[in-house]
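Contents: one structure, followed by commentary.
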Amino acid sequence: MRTFYDVLQYLKSFGIYIHVGKRLWDIEVAALEVDNLYRADVLTPKDYAVMKLILEREHRLEESMATRVKLKW
């Protein structure tokens, strides 16, 4: 697992489909769902850590993109 898309595909295997409208919101909802799966002992600690790192990276990138767009205008 290496990308946000991979995380979404993994969540789909549990019947969790995420599309809120903004990519940043999708990332945040995915993080909540990953937390819930971990608390339910569905994820191993390693899988949980990898997914959280992927989601944190994507969240940072998305926020920096939004900041750049705001500064441009």
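Using only Cα atoms, tell me the angle between helix 45-72 and the longest principal axis of the chain; keep it within 0 to 90° and round to the nearest 10.
10 degrees
Share of the stretch 1-68's accessible area from carbon and sulfur, percent, 1.4 Å?
Details: 2590 of 4620 Å².
The nonpolar share, carbon plus sulfur, comes to 56 percent.
Please give me the summed charge of the neighbours of ARG60: other residues whose Cβ is under 14 Å from its Cβ, Lys and Arg +1, Asp and Glu -1. All intermediate terms of the calculation are to be shown ahead of the outcome.
On the way: positive: ARG23, LYS52, ARG57, ARG68; negative: GLU28, GLU56, GLU58, GLU62, GLU63.
Net charge in that neighbourhood comes out at -1.
Counting only helical runs of four or more DSSP H residues, what would the 222 nm mean residue ellipticity of the chain come to if each run contributes -39,500 (n - 2.57) and the total is spread over all its residues? Show your work: numbers first, answer last.
On the way: 3 runs with 54 residues, N = 73.
Calculated mean residue ellipticity at 222 nm is -25000 deg cm²/dmol.
Among PHE14, THR44, ALA66, which residue has its Cα furthest toward the positive end of the charge dipole of the chain, with +1 on Lys/Arg Cβ and -1 on Asp/Glu Cβ?
Checking the options against the dipole of the chain, the answer is ALA66.
Apply the Karplus curve 6.51 cos²θ - 1.76 cosθ + 1.60, θ = phi - 60°, to the phi angles in the stretch 4-13 and return the couplings in whole Hz, x for Gly and Pro.
Residue by residue, the stretch 4-13 yields 4, 4, 4, 5, 4, 5, 5, 4, 4, 5 Hz.
Relative to the Cα centre, what is the charge dipole magnitude of the chain, using +1 at the beta carbon of each Lys and Arg, -1 at the beta carbon of each Asp and Glu, and rounding to the nearest 20 debye?
Numbers: 12 positive and 11 negative charges, 76 e Å.
With only Lys, Arg, Asp and Glu charged at Cβ, the dipole is about 360 debye.
Which distance in nm do the two modelled labels at LEU32 and LEU53 give, with both placed 7 Å along the Cα-to-Cβ direction?
Here the modelled spin labels are 2.6 nm apart.
In a solvent-free Debye calculation with one equal scatterer on each Cα, what is log10 I(q)/I(0) for the chain at q = 0.15, 0.26 Å⁻¹, listed in the order of the q values?
-0.50, -1.23
Note down the relative contact order for the chain as a percent, whole number, built from C-alpha pairs under 8 angstrom at least six residues apart.
On the way: 42 pairs, mean separation 25.0, N = 73.
Over the chain, the number comes to 34 percent.
Give the residue list of chymotrypsin sites (Phe, Trp or Tyr not before Pro) in the stretch 1-64 that are DSSP loop and have at most 14 other beta-carbon atoms within 10 angstrom.
Hits after loop and neighbour filter: PHE14, TYR17.
Counting only heavy atoms of the protein chains, get the accessible area per residue of the chain (1.4 Å probe) and round it to a whole Å² value.
On the way: 5410 Å² over 73 residues.
Result: 74 Å² of accessible area for each residue.
What do you get for the angle between helix 23-39 and the principal long axis of the chain? Use alpha-carbon atoms, 0 to 90 degrees, nearest ten.
20 degrees
Which aspartates and glutamates have a Cα less than 17 Å from the Cα of LYS22, not counting those fewer than 8 places away in the same chain?
Within the straight-line limit of under 17 Å, LYS22 reaches these aspartates and glutamates: GLU33, GLU56, GLU58, GLU62, GLU63.
The values are calculated or read from the model by the stated rules, or taken from the named source; none is laboratory data. Computed from a predicted structure; not experimentally measured. Here the Cβ is made from the backbone with ideal geometry for all residues, glycine too, and neighbour counts use every protein chain on show. Just so you know, the surface numbers come from the protein's heavy atoms only, side chains and all, with ligands and any DNA or RNA stripped out. Shrake-Rupley method; radii C 1.70, N 1.55, O 1.52, S 1.80 Å.
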